[in-house]
Amino acid sequence: MKLWIPFAAAAGVFVGAAIIFGADWDLPPVDTEQTGYAGSGMYLTKDREKQADLQQANVVPEPLYEADPEGERAGEFYENVQVLGDLSTDQFNLFMASITEWVSPEQGCAYCHNEENLASDEVYTKVVARRMIQMNQTINTDWEAHVGQVGATCYTCHRGQPIPANVWSSNTGPGKEDRGLGWSGGQNVVGEMVGNTSLPTNALESYLLGDKPIRVHSLAALPNGENTATTKETEETWGLMMHMSESLGVNCTTCHNSRAFNDWDQSPTQRVTAWHGIRMARDINQSYIEGLAPVFPDNRKGPEGDVLKVSCGTCHNGVQKPLYGVSMLREFVDSLGTKTNTEVPDYSTYTPGETQVMGSPDSAALTPSAGPEATALASAD
């Protein structure tokens, strides 16, 4: 008699029961949406439970109140208002209250200001915030091809946190470059920003900071010498695509026709929007984030010493349209919907505590604070 048979059967039943009842398997209902022609394989499947969580995480806060656009200008009434000086004092106060709720609800005004002298630039986060306001204005005016009429505000990225989620910095992984032992070359380790795959972790550095060519698709079945892209460059492109897919909660067919991934004429219109989005993220990182490196302390930088930069997920946070396309810009179009002062200080000579004068046609708005003993009337941007 083969005694092992009943024991094996019992073990099989036990393992099966453990898998079914003990592993917390989740078989949720899903919704499938066809996004292309029938038979093209272009569809998107969404987990209903995950969608419910995303809905909860993407609720737009109500505006605090409606500001009066009339009255004295903020740049004339308050000290050291360099970017938003053309707002009325009521509009300015509303924006200051709102940005506190969007970025530092727990820390309050002191997150960016010396509360004894609100006009002072001695807190580095105030210097950063001023530049981020300029960045926000640029997004809403120069990158309408990506953000459309919905636009963006500080809340789009921050969601009530001083440091937005889904930011990134250089991380080459274990080992040191040019040392063969243990050097990974930025690949073969799990990368959060490339869909938790082992694709090259420097994909965002190549495409959302640098302008490395993304197209690696060959037009011929066999090598013909025309396509010089390497396998690693191809994997970097895949890493970027995985990042975009995870950031927006979509799959490849949202931007590509699955029968001809390379062909623009057969691609959905979302591919054009994504094309502009890649370049917008690159512009943000190159023109605004990288330049602030001398201002940020070491604890606000990555393991390689570079500043934290934006990714697609910084704004999108898992949904195709940030905040599901609900616009917060309408209430703040006067502060974030147009460019005001576009001057940039020389941050390479940044000294904590010194006023970072940007220049403005309204010289009254540029009066530097008289020092720690001076007390400003109200907050400055």
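Backbone amide hydrogens, once placed in the peptide plane, bring Arg73 within less than 5 Å of nothing, excluding anything fewer than 5 places away on its chain.
Among residues other than Ser311 with Cβ under 15 Å from its Cβ, the summed charge is -3 (Lys and Arg +1, Asp and Glu -1).
Would you mind finding the longest exposed-site-free stretch of the chain, with exposed chymotrypsin sites (Phe, Trp or Tyr not before Pro) meaning DSSP loop and at most 16 other Cβ atoms within 10 Å?
Numbers: sites that count: Trp25, Tyr37, Tyr65, Trp183, Phe261.
Free of exposed loop sites, the longest segment is 262-381.
Carbon-plus-sulfur accessible fraction, the chain (probe radius 1.4 Å, protein heavy atoms only): 55%. At q = 0.19, 0.21, 0.25, 0.29 Å⁻¹, what base-10 log of I(q)/I(0) does the Debye formula yield for region 190-231 when every alpha carbon is treated as an equal point scatterer in vacuo? Debye output, listed in q order: -0.71, -0.79, -0.89, -0.98.
Full extension of the segment from Val13 to Ser40, taken as 0.36 nm per residue of separation minus the current Cα-Cα distance, would add 5.5 nm. From its DSSP helices (H runs of at least four residues, each -39,500 (n - 2.57)), the chain gives a residue-normalised ellipticity at 222 nm of -9000 deg cm²/dmol.
For Lys309, the aspartates and glutamates whose Cα falls under 17 Å of its own Cα, not counting residues fewer than eight places away in the same chain, are Glu192, Glu205, Asp211, Asp283, Glu290, Asp298. Beyond 32 Å in Cα-Cα separation lie the following of the pairs Lys232/Lys301; Lys232/Lys339; Lys212/Lys321; Lys50/Lys126: Lys232/Lys339; Lys50/Lys126.
Just to be sure I follow: if Rg is taken over the C-alpha atoms of the chain and Rh is the Kirkwood radius over the same atoms, what is Rg/Rh? Mind showing how you got there, number by number?
On the way: Rg = 25.3 Å, Rh = 23.8 Å.
Reported Rg/Rh, Kirkwood definition of Rh: 1.06.
Accessible surface area normalised per residue over the chain is 55 Å², counting heavy atoms of protein chains with a 1.4 Å rolling probe.
By how many nm would the segment from Val60 to Val326 grow when fully extended, if each residue of separation counts as 0.36 nm and the alpha-carbon distance is taken off?
Numbers: separation 266, 0.36 × 266 = 95.76 nm, distance 0.73 nm.
That works out to 95.0 nm of additional length.
What length, rounded to one decimal in nm, is gained on full extension from Gln149 through to Asp265, with 0.36 nm per residue of separation minus their alpha-carbon distance? Mind showing how you got there, number by number?
Numbers: separation 116, 0.36 × 116 = 41.76 nm, distance 2.52 nm.
Using 0.36 nm per residue and subtracting the Cα-Cα distance, I get 39.2 nm.
The values are calculated or read from the model by the stated rules, or taken from the named source; none is laboratory data. As the structure is a computational prediction, the values presented were derived from the model and not from experiment. So basically every Cβ, Gly included, is an ideal-geometry build from the backbone, and we count neighbours across all protein chains shown. SASA here: full protein model, heavy atoms, side chains in, ligands and nucleic acids out. Shrake-Rupley method; radii C 1.70, N 1.55, O 1.52, S 1.80 Å.
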